[in-house]
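Take a look at the structure below.
The values are calculated or read from the model by the stated rules, or taken from the named source; none is laboratory data. Since the model is a prediction, treat every value here as computed from it, not as a measurement. Note that we place each Cβ from the backbone using ideal geometry, even for glycine, and neighbour counts take in every protein chain shown.
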């Protein structure tokens, strides 16, 4: 039995709104599949998305690592447009992203997710390095960081 083993790494998965404010987070081991976390994040936020965006186009933007056919189909069945760039694979006919953005009147806002991560890690230095051995404590600190970010943005 090994004592003191903290693992190879962990990831923070973050879902933000259109203004870059974090809504929901999950944490997983660094060797897991990130695409599986998208559905868990959306399940946690189904009330928020349903109430605040009635009658508007719902889109989710992610980086190229989330380019999976099943994920795109799952998002479309939920009524969410997947704004995910396609990976460049030889012999694959991919649509032009600029045309998609222009057709639906969308803008790229991926930088807001990166900014939310920067805010979390700047305001909560404890999240820069995982020192906690238990995953429950680590997830608690991530949740506290999100709460602190919301309070800082609401109160000032």
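Selection of first residues in the range 141-154 that are at negative phi and surrounded by fewer than 15 Cβ atoms within 10 Å (Cβ to Cβ) and of second residues that are at pLDDT below 85 and in a helix (DSSP H, G or I), restricted to Cβ pairs under 7 Å at least 6 apart or on distinct chains, gives the following pairs, ordered by first then second residue: 148/123; 152/123. For the range 96-133, residues that are in contact with a helix residue (DSSP H, G or I) (Cβ under 8 Å, 6 or more places away or on another chain), loosely packed, with under 12 Cβ neighbours inside 10 Å and part of a helix (DSSP H, G or I) total 0. Those strands (runs of 3 or more DSSP E) of the range 6-68 in which at least 3 residues are touching a helix residue (DSSP H, G or I) at 6+ places or on another chain (Cβ under 7 Å), modelled with pLDDT of 80 or more and surrounded by 12 or more Cβ atoms within 10 Å (Cβ to Cβ), considering only elements entirely within it, cover 10-16, 22-29.
The sole residue among 136, 75 that is in a helix (DSSP H, G or I) and either modelled with pLDDT under 80 or exposed (fewer than 14 other Cβ atoms within 10 Å of the Cβ) (or both) is 136.
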